[in-house]
1. Between residue 53 and residue 20, take the C-beta separation as r, use R0 = 25 Å, and let me know the FRET efficiency to the nearest 0.05.
2. Taking the Cβ-Cβ separation of residue 92 and residue 61 as r and a Förster radius of 30 Å, what is the calculated FRET efficiency to the nearest 0.05?
3. Given the Cα-Cα distance of residue 187 and residue 101 and 0.36 nm per residue of separation, how much length would full extension add, in nm?
4. Hey, can you grab everything whose amide H is under 5 Å from the amide H of residue 41? Only 5+ residues off in sequence or another chain; H modelled, so Pro and N-termini drop out.
Amino acid sequence: AISGAQAKMPTEVDGLIEVKSKKMDAVYLQPGTDFKSYTQIMVDPSVVAFQKNWLRNQNSSQPIVGSDRRITSSDAQNILTAAQQNFDEVFADTLTKAGYTLVTAPGPGVLRLSPSVVNLYIVAPDPNGPSVGRTFTVQPSEGTLILEARDSQTNTKLAIVMDQRETQTGGGVQFSNQSTNIADFRQIVRFWAT
């Protein structure tokens, strides 16, 4: 998680200088960049990746009698596809509602954003839909945003933003299923886009 390693974060990445942020774990900017000159935004499709060994860990935590709840590689790919679609939809919708003009091609005054969600960890993924019983979780789901901002014409890297977020920030036990996981993920994406 980035927040735990924040004290160890470098002060410079790819020639970008770290700036303090109250909302994000790490922000690096190209010195002298004037973001006011960018009047439109182009957003690349997101890239979403599970935490290392997520699939194996999910399946090893299932009891043998729960083999119908095992997650196949196909299930995992479907979850990643759904996460990417939800990310792209919420991210674009939030930017549009904030008054930004979204475009699909590079041009003058166009800022290009390339978002990724890495280390995605979903608790109780429920790939086959809700089961008869209820699943309660203590461990939160989580993911880390890595967002690169570039000038769309020159491809000059202007900023990198990194932020790790968890669901269940209040702690305690929470009911989890496919619907709550999607709602939690969309809420985190909305925060990042804002």
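Where a number appears in this text, it was derived from the coordinates with a stated rule and is not lab data. Since this is a predicted model, take the numbers as computed values, not measurements. Glycine also receives a Cβ, built like all others from the backbone with ideal geometry; neighbour counts cover every protein chain displayed.
1. Numbers: r = 34 Å, r/R0 = 1.34.
For residue 53 and residue 20, the calculated efficiency is 0.15.
2. That gives a FRET efficiency of 0.30.
3. 28.8 nm
4. 101, 102, 103, 111
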